[in-house]
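Worksheet for the structure shown next.
The values are calculated or read from the model by the stated rules, or taken from the named source; none is laboratory data. What you see is a predicted model; the values in this text were computed from it and never measured. Virtual Cβ from ideal backbone geometry, glycine too; neighbours counted across all protein chains shown. These accessible areas exclude ligands, DNA and RNA; they are computed on the full protein's heavy atoms, side chains included. Shrake-Rupley method; radii C 1.70, N 1.55, O 1.52, S 1.80 Å.
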Amino acid sequence: MPETENVAARPAEVHDVDVDVVVVGAGFAGMYLVVRCRAAGLSVVVLEAGTDVGGTWYWNRYPGARCDVVSMEYSYSFSSELEQEWDWTEAMAAQPEILRYARHVADRFDLRRDIRFSTRVTSAAFEESADRWTVRTDRGDRITARHCVMATGCLSAANLPDIPGRDTFTGRLLHTGNWPKEPVDLSGRVGVIGTGSSGVQAIPVIAEEAAHLTVFQRTPTFTFPANNRPMKPEIAAAYKEHYREVREAQKWSAAGMSGFSPSRGTTILQRGERRSDTPSEPRLLAALDADERRAAWDRLGFGIFTYFKDVYRDPVANEYACALYRDHIRSVVADPATAEALTPVGYPVGCKRQVLDTRFYETFNRPNVDVVDIAADPITTITPDGVRTARRHIELDTLVFATGFDAMTGALDRIDVAGRSGTRLRDYWAEGPRTYLGLQVAGFPNLFTVTGPGSPSVLANVIVAIEQHVDWIVDTIVDLDARGMRTIETTAEAEARWGAHVNEVAAGTMYTAPTCASWYLGANIEGKPRQFLPYVGGFARYRATCDRVRTEGYDGFVLT
Ligand code: NA7
């Protein structure tokens, strides 16, 4: 596939320009915004801190980084030609291939001419007298625009815990979400802090290279086998033949996945399984006795988590499933103390983001890998040559923080965003983010957030979520222009109504269980208000709501 890496250095000259739409971020959202704005005849400029496109897939270059959605569906739907010409080599592509895809899209649609790289946005302010946004950058650019779109990503503000002594470490200190472009020597003594998706993906790969790997784990994770495999040509061909039906089914699915069966050539939508996937006799794990539950695991393995319809709804069934899962760990990890340390207890499966892995538990059978349970033996300091816990000192050459992100609000908090009367977004959100549909904030006219808090975003195939938001935003701007309207702004009342609905659909799920602490709830960041951030009511339902809002004259928005 022809694709190039952007080689343009940070532009020398400072530009002041005035455009219709200024976009922050050149990940998959920012790139698609360029496509849509151009097609709509809107002038657009994108500001991007990195040196090239790709967003998440530009920054997260750690070993083992991989998508956990099948790539035939984790890809743009806006161009049939693009769909037909691009070939994925694996079912779930690794980071380098997804980044190549992003670059290919940038080349193919000549996107980079509207993107300024190596340019970090520092502030965005709404000028009420002119109904315009002024965006400033760390290079001194001043961009004015009628509309400002924050395509800043949900998982882009790295969380680097301020552990005492962190900056005294004389070895190499890295964060998975800000991984260097050049190859990193991991052959020495390596430590990894964190066992979320990033840690679980990186640990088996680093273990292959490191002389010794120490995993510092605060909370044992639930992780399911990714079952990734090389792409079979007949599967790719079936997708390409049925791509229009696949995309339609994605749009009207619960989480942006089509349920396409390559052998049958049909999607979940065509098979009419959209609402009737629950059999008339619901399969309940809680209804089985211990022997039956064991037999179910022997038959279905990890399939029990979806086969039984009560696992994610009923705490009793959930705990039964967790118990089977714990037995599984003990059967894979040879050393009983290590197995014990890796075993999740005290919170339900389905509370945190589901992690997928490739030989994660097997890695702990290697002689060069061990785990330190830092809940029992906490890290006290980082020293110049390693990590000190309450009980021991571990010498390290490289320390990897796989400690996640200030999710969904962190990237916006890092920009000084000022709306009407100079109100700061970070102040307005001090008690937790308030949005209408995850698209707009009251007091911030003509400011849009792509996959913002209160939208399905991270709970859906995020490329499908991005396309839906970008389409909605650009269609809305075009519509405003056609009606001669200058601004669109949601109201505090609409925000309150939507926020209540977001909470209502999350209540009673494992996501908000009292024992749950996840980044969905902001629980990974000290001082962040506990609030369930994404919308769990289903992607199709959300899309229908957004469509209805527009057809009913922008209910919940004020147009001037
Ligand atoms: P996650 O899922 O937030 O995982 C971060 C991990 O780091 C997790 O195990 C945390 O333990 C641990 N952590 C965080 N802060 C600390 C401190 N201060 N000390 C020790 N350990 C800590 O981030 P990922 O990057 O793995 O994944 C993010 C998303 O990217 C993922 O869900 C996919 O959507 C892609 P904790 O559980 O908080 O005790």
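Working only within the range 462-500, note down all residues that are over 22 Å from L521 (Cβ atoms) and within 18 Å of the chain's Cα centre (by Cα). I463, V464, I466, E467, Q468, H469, V470 - these are the residues of the range 462-500 that are over 22 Å from L521 (Cβ atoms) and within 18 Å of the chain's Cα centre (by Cα).
Here is a check on your reading of the model: is G41 surrounded by fewer than 18 Cβ atoms within 10 Å (Cβ to Cβ) and at pLDDT 95 or above? Spell out the reasoning first.
Values: surrounded by fewer than 18 Cβ atoms within 10 Å (Cβ to Cβ): yes; at pLDDT 95 or above: yes.
So G41 passes the test.
Considering Y58, Y62, Y32, the condition of being within 14 Å of A151 (Cα to Cα) and of a type in the set (S, T, Y) is satisfied by Y32 alone. Residues that are more than 26 Å from A207 (Cα to Cα) and either open to solvent by less than 10 Å² (accessible area, probe 1.4 Å) or not in a loop (DSSP other than H, G, I, E, B) (or both) within the range 50-70 comprise G50, D52, V53, G54, listed in sequence order. Does any residue in the range 404-419 that is polar (S, T, N, Q) come within less than 8 Å, Cβ to Cβ, of a residue that is within 16 Å of the ligand (Cβ to nearest atom) six or more places away or on a different chain, and which pairs are these? Sorted first by the residue in the range 404-419, then by its partner, the pairs are T409/P453; T409/G522; T409/K528; T409/L533. Scan the range 129-159 for residues that are under 26 Å from the mean Cα position of the chain (by Cα), among the hydrophobic types (A, V, I, L, M, F, W, C) and open to solvent by less than 20 Å² (accessible area, probe 1.4 Å) and the total you get is 7.
Which is outside any strand (DSSP E or B), farther than 30 Å from R66 by Cβ and open to solvent by 50 Å² or more (accessible area, probe 1.4 Å), of P164, P183? None of the others qualify; the one that does is P164.
Residues considered: L437, L412. Of these, the only one that is open to solvent by less than 50 Å² (accessible area, probe 1.4 Å) and touching a Cys at 6+ places or on another chain (Cβ under 8 Å) is L437. What about G419, is it open to solvent by 10 Å² or more (accessible area, probe 1.4 Å) and either away from the ligand (no atom under 16 Å from the Cβ) or not β-branched (V, I, T) (or both)? Here the answer is no, as G419 does not meet what is asked. Only helices (runs of 4 or more DSSP H) whose full extent lies in the range 280-370 are considered here, and the ones with at least 3 residues that are closer than 21 Å to I203 by Cβ and of a type outside the set (F, W, Y) are 315-332, 336-342.
Looking at A390 and the list (1) open to solvent by 60 Å² or more (accessible area, probe 1.4 Å); (2) within 16 Å of the ligand (Cβ to nearest atom); (3) under 20 Å from the mean Cα position of the chain (by Cα), which single condition is not satisfied? For A390, the failing item is (3).
Restricting attention to the range 215-238, the residues being open to solvent by 20 Å² or more (accessible area, probe 1.4 Å), farther than 26 Å from V200 by Cβ and either of a type in the set (A, V, I, L, M) or within 24 Å of the chain's Cα centre (by Cα) (or both) number 1. The residues listed here are R283, R264, R271, R326; of these, the one that is out of contact with any His (no Cβ under 9 Å at 6 or more places or on another chain) and more than 27 Å from M92 (Cα to Cα) is R283.
Starting from the range 517-532, take each residue that is over 13 Å from G454 (Cα atoms) and within 8 Å of the ligand (Cβ to nearest atom) and list its partners that are of a type outside the set (V, I, T) and open to solvent by less than 40 Å² (accessible area, probe 1.4 Å), counting only C-beta distances under 6 angstrom and pairs at least six apart or across chains. Sorted first by the residue in the range 517-532, then by its partner, the pairs are S518/C351; W519/G404; W519/A407; N524/G404. Inside the range 113-159, residues that are in contact with a helix residue (DSSP H, G or I) (Cβ under 8 Å, 6 or more places away or on another chain) and over 20 Å from T449 (Cα atoms) make up a count of 1. Of A226, A202, all but one fail to be in contact (Cβ under 8 Å) with a residue 60 or more places away in the chain, among the aliphatic types (A, V, I, L, M), under 21 Å from V371 (Cα atoms) and outside the structural domain of R36 (by TED's automatic domain parsing); the exception is A202. Considering only residues in the range 393-416 that are of a type outside the set (A, V, I, L, M, F, W, C), more than 11 Å from the ligand (Cβ to nearest atom) and in a loop (DSSP other than H, G, I, E, B), the one that is nearest to V184 (Cα to Cα) turns out to be D397. Here T343 fulfils each of the conditions (1) within 30 Å of D291 (Cβ to Cβ); (2) outside the structural domain of R294 (by TED's automatic domain parsing) apart from (2).
Would it be correct to say that D427 is at pLDDT 95 or above, away from the ligand (no atom under 16 Å from the Cβ) and not assigned by TED's automatic domain parsing to the domain that holds S77? Working first, answer last.
Working: at pLDDT 95 or above: yes; away from the ligand (no atom under 16 Å from the Cβ): yes; not assigned by TED's automatic domain parsing to the domain that holds S77: no.
Against the criterion (at pLDDT 95 or above, away from the ligand (no atom under 16 Å from the Cβ) and not assigned by TED's automatic domain parsing to the domain that holds S77), D427 does not qualify.
Return the only residue of R326, R294 being of a type outside the set (D, E) and either closer than 17 Å to G350 by Cα or in contact with a strand residue (DSSP E or B) (Cβ under 9 Å, 6 or more places away or on another chain) (or both). Don't jump to the end; show me each part of the working.
Details: R294 fails: either closer than 17 Å to G350 by Cα or in contact with a strand residue (DSSP E or B) (Cβ under 9 Å, 6 or more places away or on another chain) (or both).
Every option except R326 fails the conditions.
Residue by residue through the range 179-203, note down the ones that are within 14 Å of the ligand (Cβ to nearest atom), more than 15 Å from I394 (Cα to Cα) and in contact with a Lys or Arg (Cβ under 9 Å, 6 or more places away or on another chain). I'd like the intermediate steps shown before the answer.
Here is the first cut: in the range 179-203, the ones within 14 Å of the ligand (Cβ to nearest atom) are 179, 191-203.
The next check asks that each one be more than 15 Å from I394 (Cα to Cα); those that pass are 179, 194-203.
Listed by number, the residues that qualify are W179, G194, T195, G196, S197, Q201.
Identify the residue in the range 354-375 that is touching a strand residue (DSSP E or B) at 6+ places or on another chain (Cβ under 7 Å) and of a type outside the set (A, V, I, L, M, F, W, C) and, among all such residues, is farthest from the ligand (Cβ to nearest atom).
N368
Restricted to the range 469-484, and to residues there that are open to solvent by 10 Å² or more (accessible area, probe 1.4 Å) and outside any loop (DSSP other than H, G, I, E, B), the residue that is nearest to V502 (Cα to Cα) is D471.
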